[in-house]
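To keep things clear, I will list the structure first and then write my remarks on it.
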Amino acid sequence: MLSLQNAGKRFGPRVLFLEANWLIRAREKTALVGANGTGKSTLMKVLAGLESLDYGGLQQTRGMSIGYLPQEGLSLTGRSVFEECLSVFDELREMETEIERLAGQLAVLEHAGTEYESAAERFSMLQERFHALDGYALDAQVGGVLTGLGFGKEDWARQTDEFSGGWQMRIALAKLLLAKPNLLLLDEPTNHLDLETRNWLEDYLKSYPFGYILISHDRYFLDVTIDRTVEIWNKRLNIYQGNYTKYLSQKDERRTQLKAAYRNQRIQIEHLEAFINRFRAQATKAKQVQSRIKELEKIEQIEIPEEEPVIHFKFPQPPPSGRTVVEAENLSKSYGPKPVLNGVNFTIERGDRVALVGVNGAGKSTLIRLLTGDEAPTAGRVKLGHNVVSEYFAQDQYKVLNGDARMLDDISRAALKVPEQALRSLLGCFLFTGDDVFKPLGVLSGGERNRYALARILVSPSNFLLLDEPTNHLDMRAKDVLLEAIAAFSGTVVFVSHDRYFIDRLATRVLEVEGGTVTSHEGNYEDYLRRKGIASSSPVAEAVPSGLAQPATRTEAVAISEAGAEGSSAKDRPRRLNPIKQKQMEERVEFLEEETPRIEAAIAHTEQQLGVYVSAAETARLTALADDLRNQLAAFTTEWEELMMQLDEQGALP
């Protein structure tokens with residue numbers, strides 16, 4: 001449905017890609033990968049029609065719709081969040097208005113007149129199309145996607161310009177998902193999403209009815225959402241079948257084959273050149289020499305691009321701490337009247353690699369700041385163990401850097417025993433190459449300074465690292481270096497990350513922050529999900545009608561044990577809904593109570609139309625529509641009753 005033919009693109013004097021041939025078929029789920037600077041985002045803009053090719057052509061099926069989400073730079077103003085998302089259905093809303101106008105005309109026109117026949121035909125066609133496009137559930141679709149992307153119902157009425165850049169990108173993503181174009185082009189869609197929202201987006205994309213192309217540095221996200229990988233490598237497009245892990249395996253096989261072909265070709269070329277040089281001066285061999293020269297000229301020489309050097313960096317190992325690194329005793333934190341943590345108790349021991357998980361706003365960053373001592377608790381205390389020296393990487397770590405210092409000078413002062421070449425290799429891995437290392441830190445962007453701050457921590461760590469979103473602004477190569485370094489680190493690590501692969505590979509323990517509590521789970525994130533039964537459906541997930549986007553899964557949490565009883569079994573305590581889930585269920589009940597009268601009105605309107613005979617086909621269509629609406633009403637009623645029963649069992653009803 002979209003194809004590149006011998007396509008090429010330059011960026012100034014530099015060639016990004018040449019002779020690119022790519023047939024993008026319907027419903028293909030593709031990752032676009034390649035090293036930084038190879039032209040992935042530029043190619044996405046070409047496919048979106050925002051940039052032109054320098055060579056070759058781009059052909060598109062007539063009537064095909066394409067939706068493009070850039071990495072950043074979108075700004076939406078002038079409407080509420082809900083109205084902004086609902087705007088993607090403007091055509092359907094106009095259709096609904098015309099349907100209502102035609103219904104009014106049909107009620108007063110003479111049935112035998114040509115005007116009535118024309119209006120009835122138009123009315124029938126519009127209503128059939130409106131029903132096929134699920135026009136009666138527009139609000140439910142918008143609500144489902146906004147909930148899935150982390151917007152609480154209280155956010156729906158807020159103006160879009162009240163939100164930060166990251167949340168603006170979420171709104172733009174919501175509009176694209178609701179519009180359902182034939183081809184989605186998503187450039188780093190997970191940059192501004194927390195883990196739960198990423199999980200929801202994964203599920204949404206798996207069931208997306210059309211095709212999409214993703215650029216992402218989140219390995220797990222790619223593995224579960226794509227079935228084809230296209231790599232920009234050596235200025236060419238290379239296509240692989242399978243997800244990201246399979247692509248890596250196939251790429252190694254291809255490179256091995258390429259090296260073998262290169263060696264064979266070199267043997268052939270050396271043999272021809274030896275013959276030519278040996279017999280060039282002999283007249284009797286002139287014909288054979290000319291034949292060999294022509295053969296040599298026809299050979300299209302194989303080139304093997306220079307491989308990026310693999311960086312293996314190890315932390316300087318710190319002096320050991322005591323067995324107990326930190327204890328939280330009845331720890332509470334409030335900001336004014338708003339409680340964030342309430343009576344939390346846990347212990348972290350030497351060598352633990354602890355991942356903090358929870359929805360945005362649950363209190364993960366607050367908990368890290370309490371552990372570092374950057375914030376004081378409202379109640380309770382944080383007690384550090386013997387010989388514990390902590391190092392804290394904040395999301396805005398760049399603010400504490402000396403803007404006048406040159407990068408290489410600054411990191412050298414932090415790592416006096418590390419050779420300069422090793423430091424430059426490390427900086428190169430974090431995307432600082434060539435003369436970049438001589439720049440003053442003050443001229444770097446916030447993301448660049450954060451990358452540098454993380455590299456700086458790697459060369460002079462303490463024995464207790466607290467890392468808040470260390471994987472932000474990192475590509476896969478830099479993440480792998482960080483992952484390998486932390487995995488080999490002998491100290492203790494507490495970290496927050498929204499990168500599923502990073503957590504799965506690193507964490508030995510998960511602390512779930514939810515509803516003011518902290519619950520400990522042994523193992524990595526996969527073990528945590530299995531133990532929480534996150535794959536099973538929840539009332540919130542089931543609360544969206546079939547065929548609509550489902551909101552994010554919200555897991556139940558077991559309330560943390562009372563002080564001194566941390567080791568008791570969670571199974572011995574009554575399971576209760578956490579406040580976040582309870583709030584979502586209450587909002588869903590409110591939505592159902594608002595939506596039910598609309599469906600009832602639609603049923604009444606359809607039954608009224610059935611009282612006016614137009615044709616046998618129209619009667620059959622209206623009968624089927626009425627049946628669908630009654631089924632939807634029955635499903636909403638059953639769902640409302642089940643939710644009310646659950647809330648009543650929790651004592652949540654007034």
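5 Å is the cut-off here: which amide hydrogens, built 1.01 Å from N in the peptide plane, fall below it relative to V340, excluding neighbours closer than 5 in sequence?
K333, S334, Y335
Grab the other residues whose beta carbon is less than 15 angstrom from that of N6, score K and R as +1, D and E as -1, and report the net.
+2
If packing is taken as the mean number of other Cβ atoms within 10 Å per residue, what is the order of 617-629, 462-474, highest first?
Result, highest mean Cβ count within 10 Å first: 462-474, 617-629.
Rounded to the nearest 20 Debye, what is the dipole magnitude of the stretch 222-351 about its Cα centre when Lys and Arg each give +1 and Asp and Glu each give -1 at the C-beta?
Approximately 700 debye in magnitude.
With 20 Å bins from zero, work out the P(r) of the chain over every alpha carbon pair and list the percent per bin.
15, 41, 30, 11, 3, 0
Starting from the Cα of K259, draw a straight line to each of the lysines and keep only those under 17 Å, dropping any in the same chain fewer than 8 residues away.
Within reach: K251.
Calculate one ³J(HN,Hα) per residue across the stretch 186-201 by plugging θ = phi - 60° into the Karplus curve 6.51 cos²θ - 1.76 cosθ + 1.60, and present them in order as whole Hz with x for glycine and proline.
After applying 6.51 cos²θ - 1.76 cosθ + 1.60, I find 10, 9, 6, x, 8, 4, 10, 10, 7, 4, 5, 5, 4, 4, 5, 5 Hz.
Hey, what did the stretch 582-649 get for relative contact order, percent, Cα under 8 Å, at least 6 apart?
50 percent
Taking the dipole about the Cα centre of the chain, with the C-beta of Lys and Arg at +1 and of Asp and Glu at -1, give me whichever of L16, A601, L371 is farthest to the positive side.
Result: L16.
Taking the highest mean first, how do the peptides 56-64, 132-140 order by number of other beta carbon atoms within 10 angstrom per residue?
Taking the mean over residues of other Cβ atoms within 10 Å, the ranking is 132-140, 56-64.
Considering amide H positions built from the backbone, and no H for Pro or chain starts, which residues 5 or more places from Y68, or on another chain, come under 5 Å of its amide H?
L185
Quick check on packing: order 98-105, 249-256, 499-506 by the mean number of other C-beta atoms within 10 Å, highest mean leading.
With the highest mean Cβ count within 10 Å placed first, the list reads 499-506, 98-105, 249-256.
When the Karplus curve 6.51 cos²θ - 1.76 cosθ + 1.60 is applied with θ = phi - 60°, which whole-Hz ³J(HN,Hα) does each residue of the stretch 5-21 get, with x for Gly and Pro?
In residue order, the calculated couplings are 10, 6, 7, x, 8, 10, 10, x, x, 8, 7, 7, 8, 9, 6, 7, 10 Hz.
May I ask which residue of L102, S75, N238 lies farthest towards the positive end of the charge dipole of the chain, with charges of +1 (Lys, Arg) and -1 (Asp, Glu) on Cβ and the Cα centre as origin?
So the residue furthest toward the plus end is N238.
Counting helices only, and only those DSSP H runs with n ≥ 4, report the 222 nm mean residue ellipticity of the chain as the sum of -39,500 (n - 2.57) divided by its residues, in deg cm²/dmol to the nearest 500.
-14000 deg cm²/dmol
Check G516: other-chain or 5+ apart residues with amide H under 5 Å from its amide H, H built from backbone geometry?
none
Given a cut-off of under 8 Å on Cα pairs at least six residues apart, what relative contact order in percent is computed for the chain?
13 percent
Enter the Cα centre distance for the pair the stretch 84-112 and the stretch 132-159, rounded to the nearest angstrom.
Between the Cα centres of the stretch 84-112 and the stretch 132-159 lies a distance of 22 Å.
Can you flag which of K40/K206; K180/K338; K153/K333; K153/K532 are past 29 Å Cα-Cα?
Checking Cα-Cα distances, K180/K338 exceed 29 Å.
Could you go through the stretch 511-524 in sequence order and give the Karplus-derived ³J(HN,Hα) for each residue, using 6.51 cos²θ - 1.76 cosθ + 1.60 with θ = phi - 60°, rounded to whole Hz, and x for Gly and Pro?
10, 8, 9, 7, x, x, 10, 10, 10, 8, 10, 6, x, 8
Toward the positive end of the charge dipole of the chain, about the Cα centre and with charges on Cβ (Lys, Arg +1; Asp, Glu -1), which of A414, V344, V589 goes farthest?
So the residue furthest toward the plus end is A414.
Bear in mind that the values in this text are calculations on the coordinates, not laboratory data. Being a predicted model, the structure only gives us computed values, none of them experimental. Glycine gets a Cβ as well: all are built from the backbone with ideal geometry, and neighbour counts include every protein chain shown.
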